[in-house]
Amino acid sequence: MDDPVVAACFAVLLTATVWAAGQLDRTRRAPLATAATLLVIGTVSVLQLTAFPGLLGALRRDRSAIADGQLWRLVTSLVVQDGGWPGTVFNLATLVVVGSVAESLWSRRRWVLIALTAGIGAQFWGLVVQPTGAGNSVLVFGLAASVLVRALRQGPLPSRALAVVGLLAGTVLLVGGDLHGGAVAIGAVSTALLTTPRIRGHAGVV
């Protein structure tokens, strides 16, 4: 996909996520899961970008290395960054915003389950469309998809409309073979599977 199209989809999806969540019932509590995740990813990312640049090659997603048995890369690729400082700042900033919004809607346990399912699951999609890479953005986009699914199922009409727009942007990314489209799809499906028994008729954190 062309970079301007990808950037536009990113902007639409992330903006729709925040706006749609603003019309949902949310809890007021410290986003501890988001803070802990930010601490871990931020620390490793800064070390990689400063003192230990070799961390990127050792921990990133690499189809050949994973095929040789280095399965840990499916997880460790989430804590290093392949976009330099600009990409790192974007990934960590969106983690703070989207992560906090999602944590105000889900229990911390479900937040972690959705984040890990989308983040790790997207690595398998990445092996097809982007065999080498790294970054926590797939985790963020998975959480964003969970918020949009919540808005689509529980929100008022404006929130549902925003959810549709956001999920359509994710679909464009998926069809275009973008890594983040896979994260959105996995985040949406995992959210539906994890929350179907309890989400209907309940407000607040589940």
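Throughout, read-outs are computed from the coordinates displayed, never taken from laboratory work. Values in this document were obtained by computation on a predicted structure and should not be read as measured data. Backbone-built Cβ (ideal geometry, glycine too); neighbour counts: all protein chains shown.
No solvent, one uniform scatterer per C-alpha: report log10 I(q)/I(0) for the stretch 128-197 via the Debye equation at q = 0.27 1/Å, two decimals. Relative scattering, expressed as log10 I(q)/I(0), comes to -1.17. Between residue 171 and residue 68, the contour length at 0.36 nm per residue exceeds the alpha carbon distance by 33.9 nm. Site pair residue 32 and residue 96 shows an inter-label distance of 2.1 nm when each label is modelled 7 Å from Cα along Cα→Cβ. In order along the stretch 86-100, the Karplus-derived 3J(HN,Hα) couplings, from 6.51 cos²θ - 1.76 cosθ + 1.60 at θ = phi - 60°, round to x, x, 5, 4, 4, 5, 6, 5, 5, 4, 4, 6, 5, x, 5 Hz, and Gly and Pro are given as x. Given the alternatives (1) 64, 28, 19; (2) 28, 18, 15; (3) 23, 21, 18, semi-axes √(5λ) of the Cα gyration tensor in Å as computed for this entry is given by (2). Highest mean packing comes first when the peptides 143-151, 159-167, 21-29 are listed by Cβ atoms within 10 Å, giving 143-151, 159-167, 21-29.
Structure remark: mean-square fluctuation, Gaussian network model of the chain, C-alpha springs under 10 Å; the largest value among 51, 122, 11 belongs to 51.
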